[in-house]
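Scroll down for the structure; my scribbles are underneath it.
Bear in mind these aren't lab numbers, they're just calculated from the coordinates by the rules spelled out. Keep in mind that what you see is a predicted model, and the values were worked out from it rather than measured. Here the Cβ positions follow ideal geometry from the backbone for every residue, glycine too, while neighbour counts run over all protein chains shown.
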Amino acid sequence: MLRLCLISLAAALVVGCAEPSDKQARIRKIAEHLCSAAARGEMPETCPDVVRIVGAAKLAVMSAELRQGYTVEVRSGDTPYPLGDGSGTHHALIRAGHSGVGLRFKYDEGRDQFHILGYWTLAP
């Protein structure tokens, strides 16, 4: 009986831990889609997994640096105040050269998509 309980607990932990990393992987794909479009000088109006794109011009300014390469770091939770207000579920930090942009996301369970809540410039 104890063995069955331990197996059930382990399975619940694995399933519970898999969900956030799935959302983080989806956000990474969103960020990479936006970065590759900006590197080509484009400002996409749509993106898979995003309800509506706002603020893509922030990335367009970095297009030359994005062409040289970039990194994307995805974190769970909102950014600290004053940038975040607690409503975000995730945020991504995009760095290219000496520039960087942060994106705040909120997961919408009903649509199974993300809202982009805002962008901010990262300190060099």
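So, counting K/R as plus one and D/E as minus one, what does the shell of residues with Cβ under 13 Å around Arg75 add up to? Spell out each step's value before the answer.
Numbers: positive: Lys23, Arg28, Arg104; negative: Glu73, Asp78.
Residues close to Arg75 contribute a combined charge of +1.
Name the aspartates and glutamates eligible as straight-distance cross-link partners of Lys58: C-alpha to C-alpha under 16 Å, and not fewer than 8 places from it in the same chain.
Leaving aside aspartates and glutamates fewer than 8 places away in the same chain, those within reach of Lys58 are Glu32, Glu42, Glu45.
Sum up the charges of everything whose Cβ sits under 14 Å from the Cβ of Arg28, counting Lys and Arg as +1 and Asp and Glu as -1, but leave Arg28 out. Please list the in-between numbers first.
Numbers: positive: Lys23, Arg26, Lys29, Arg75, Arg95; negative: Asp22, Glu32, Asp49, Glu73.
After counting each charged neighbour, the total is +1.
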